[in-house]
Amino acid sequence: MTKVSMKVNGKAVSRDVPDNTLLVEFLREQLRLTGTHVGCDTSQCGACTVHVNGRAIKSCTQLAVSLEGAEVTTIEGIANDGELHPMQVAFNDHHGLQCGFCTPGMIMAGIDMVNRYQAQGKDLTEEAIRFELEGNLCRCTGYHNIVKAIDDAAGKMTGMARAAE
Amino acid sequence: MYQTKYHRPASIDDAVAALAAAEDGKFLSGGQTLLATMKQRLAAPTDLVDLRGIPGMSGITVDADGVTIGAATIHADVAASPEVAAAIPALAALASHIGDPAVRHMGTIGGSLANNDPAADYPAAVLGLNGTVITNQREIPAEEYFVGLFTTALEEGEIIKAVRFPRPKRAAYQKFAQPASRFALVGVLVAETDDGVRVAITGAGSDGVFRAGAFEAALNGDFSAGALDSASVDADDLMNDIHATPEYRAHLARVLAQRAVKAAG
Ligand SMILES: Cc1cc2nc3c(=O)[nH]c(=O)nc-3n(C[C@H](O)[C@H](O)[C@H](O)COP(=O)(O)OP(=O)(O)OC[C@H]3O[C@@H](n4cnc5c(N)ncnc54)[C@H](O)[C@@H]3O)c2cc1C
Ligand code: FES
Ligand code: FES
């Protein structure tokens with residue numbers, strides 16, 4: 001057992017966990033944040049995608065104890081005071097989900113790619129969105145509406161950054 | 001995953017000591033290969049010695065001679081580095097196509113080279129660009145580093161600290177990705193260096209990454225895609241699996257080498 005402390009969705013948390021605890025197990029079983037899903041458990045599907053220190057990673061493929069001091073954001077942490085994040089709104093508007101199992105990972109991957117492209121001043125084209133979604137599998141939608149949702153949210157997220165300035 | 005003990009040493013010496021004291025320990029970097037293997041119970045190290053907390057293990061330095069990349073540098077940082085893109089664009093482009101964004105946010109160049117998967121991308125860069133693997137014990141030239149499938153010249157307890165790539169005159173990498181895994185079904189790096197043309201092929205060889213002598217000879221005479229029209233790699237030395245026959249891999253090797261020559265400009 002090792003004591004690990006991190007900040008999850010802005011809140012400091014600390015737990016004693018076995019060293020082989022995966023981040024996704026820490027989130028789901030210790031913190032009861034069950035929005036992050038396990039689809040494959042083999043690093044392929046991206047259903048478990050969360051942000052660690054601002055970057056999307058697969059939480060099924062990282063040990064909780066290796067993330068001492070990290071800032072973690074999950075799907076539960078992106079709405080602001082009950083107001084959905086623009087990426088969540090866009091998935092709703094564009095019907096970017098069917099069963100919804102892949103959706104938390106898709107939304108976290110979507111926010112990550114928009115942030116990265118905007119920070120680097122690169123154009124997030126439809127082709128780029130599809131390339132960036134390489135690590136996120138959906139068995140239902142056929143991806144078209146997911147791509148549309150991310151494209152739409154990207155526009156609103158630029159607006160959000162400008163409004164905040 | 002079986003139980004394991006996690007260590008986060010703050011120096012190379014402590015890491016070496018932690019591994020030596022372990023019954024059956026392993027170094028850990030991004031975990032994108034090792035943790036996946038442990039979850040499948042194909043590996044069950046008693047101890048994991050995380051190298052990422054050691055100062056100086058990550059970061060990129062570019063000088064007149066070339067590019068040096070710390071072992072714990074993640075693929076995403078190599079891909080996004082304007083300095084790497086300016087000095088060796090082929091290297092930044094190669095890193096930007098490893099796996100997917102989440103894998104690139106954790107996986108490291110040191111982990112990839114220590115693992116030496118026969119379909120991994122970085123081995124083609126190190127061999128094709130005539131790189132040097134710098135460890136806590138010595139400097140290993142590319143030619144001596146890659147020994148075979150998942151096998152390298154690294155000794156027990158030897159830690160990759162950095163990798164150095166000399167600047168080529170021009171270079172490009174082309175990969176035909178296996179559609180499910182994104183690993184290279186075949187990947188070809190073509191580089192024109194001060195000592196002539198080097199062509200390294202990953203994803204294809206039965207012994208892992210290798211140099212294609214026939215391609216190099218043809219390109220040394222004439223650095224053009226057409227020069228490879230009648231050159232070939234011997235299919236007898238290539239892998240055969242459910243994804244591709246050796247003949248198909250040999251065909252891809254030539255087509256990708258030609259594309260790389262064109263892309264190198
Ligand atoms: C979904 C997915 C897709 C992928 N696609 C690709 C791809 O397209 N192309 C590609 O090349 N790779 C691909 N990979 C592999 C990825 O690049 C890994 O990150 C990499 O192979 C291992 O790096 P790591 O830092 O995660 O190492 P780890 O998994 O932590 O370690 C791997 C091995 O290296 C050893 N090790 C680690 N660091 C050092 C060091 N500094 N010195 C000595 N030994 C060390 C460890 O003991 C272990 O044996 C993919 C992985 C996944 C999960
Ligand atoms: S559950 Fe983590 S990638 Fe599928
Ligand atoms: S909506 Fe069902 S897996 Fe994507």
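The values are calculated or read from the model by the stated rules, or taken from the named source; none is laboratory data. None of these values were measured; they are calculated from a predicted model. Note that each Cβ is placed from the backbone with ideal geometry, even for glycine, and that neighbours are counted across all protein chains shown. These accessible areas exclude ligands, DNA and RNA; they are computed on the full protein's heavy atoms, side chains included. Shrake-Rupley method; radii C 1.70, N 1.55, O 1.52, S 1.80 Å.
Shown for chain B: lysine pairs separated by 8 or more places, or found on different chains, whose C-alpha atoms are under 17 Å apart, numbering 6. Counted by Cβ distance under 15 Å from A:Asn53, the other residues give a net charge of +2, where Lys and Arg count +1 and Asp and Glu count -1.
Which angle between 0 and 90 degrees, to the nearest 10, do you get for helix B:12-21 versus the longest principal axis of chain B when only C-alpha atoms count? The answer is roughly 70 degrees. The length gained on full extension between A:Val89 and A:Arg139, counted as 0.36 nm times the residue separation minus their Cα-Cα distance, comes to 15.9 nm. The mean accessible area for residues of chain B, using a 1.4 Å probe and ignoring ligands and nucleic acids, is 41 Å² per residue. Each Lys and Arg Cβ is given +1 and each Asp and Glu Cβ -1; about its Cα centre, chain B then shows a dipole of about 820 debye. Estimated purely from DSSP H runs of n ≥ 4, each contributing -39500 (n - 2.57), the mean residue ellipticity at 222 nm for chain B is -8500 deg cm²/dmol once divided by its residues. Distance between the pseudo-spin-label points of A:Glu29 and A:Lys156 (7 Å out from Cα toward the beta carbon): 3.6 nm.
Of the two radii for the range B:5-44, the radius of gyration is 0.99 times the Kirkwood radius, both from the alpha carbons; that is the Rg over Rh value.
Excluding same-chain neighbours fewer than eight residues apart, the lysines reachable from A:Lys11 by a Cα-Cα span under 19 Å are A:Lys3.
Here the range B:170-264 exposes an accessible surface that is 46 percent carbon and sulfur, computed with a 1.4 Å probe and the other protein chains kept in place.
Scan the range A:1-86 for trypsin sites (Lys or Arg not before Pro) in coil per DSSP, keeping those whose Cβ has at most 14 other Cβ atoms within 10 Å, and list them by number.
A:Arg32
Each of B:Asp234 and B:Thr151 was given a label point 7 Å from its Cα along the Cα-to-Cβ line. The distance between the two points is 1.9 nm.
Which of the GluC sites (Glu not before Pro) found in the range A:23-91 are in a DSSP loop and have at most 15 neighbouring Cβ atoms, other than their own, within 10 Å?
On the way: sites: A:Glu25, A:Glu29, A:Glu68, A:Glu71, A:Glu76, A:Glu83; in loops: A:Glu68.
Loop-located and lightly packed - A:Glu68.
For the range A:34-99, the fraction of 1.4 Å probe accessible surface lying on carbon and sulfur atoms is 43 percent. Counting, for every residue in B:5-11, the Cβ atoms of other protein chains within 10 Å of its Cβ and taking the mean gives 3. Does any residue of the range A:35-49 lose at least 10 Å² of accessible area with all protein chains in place compared with its chain alone, and if so which ones (probe 1.4 Å)? Residues meeting the cut-off: A:Asp41, A:Thr42, A:Ser43, A:Gln44.
With the charge dipole of the range A:97-162 set up from +1 on Lys and Arg Cβ and -1 on Asp and Glu Cβ about the Cα centre, the Cα lying farthest toward the positive end among the listed residues A:Thr158, A:Gln118, A:Tyr143 is that of A:Thr158.
Taking the longest Cα principal axis of chain A as reference, the axis of helix A:103-119 is set at about 70 degrees. What residues of the range A:93-126 lose no less than 20 Å² of accessible area with every protein chain in place versus their chain by itself (probe 1.4 Å, heavy atoms only)? Hits at the 20 Å² cut-off: A:Arg116, A:Gln120. Here the peptides B:64-73, B:194-203, B:228-237 are ranked by packing, the mean other Cβ count within 10 Å, and the order with the highest first is B:194-203, B:64-73, B:228-237. Which of the chymotrypsin sites (Phe, Trp or Tyr not before Pro) found in the range B:103-170 are in a DSSP loop and have at most 14 neighbouring Cβ atoms, other than their own, within 10 Å? When the chymotrypsin sites (Phe, Trp or Tyr not before Pro) of the range B:103-170 are filtered for loop state and at most 14 Cβ neighbours within 10 Å, B:Phe150 remain. Taken along the Cα-to-beta-carbon direction at a fixed 7 Å, the label points for B:Glu143 and B:Asp63 span 2.4 nm.
To the nearest ten degrees, helix B:246-264 and the longest principal axis of the Cα atoms of chain B are 80 degrees apart.
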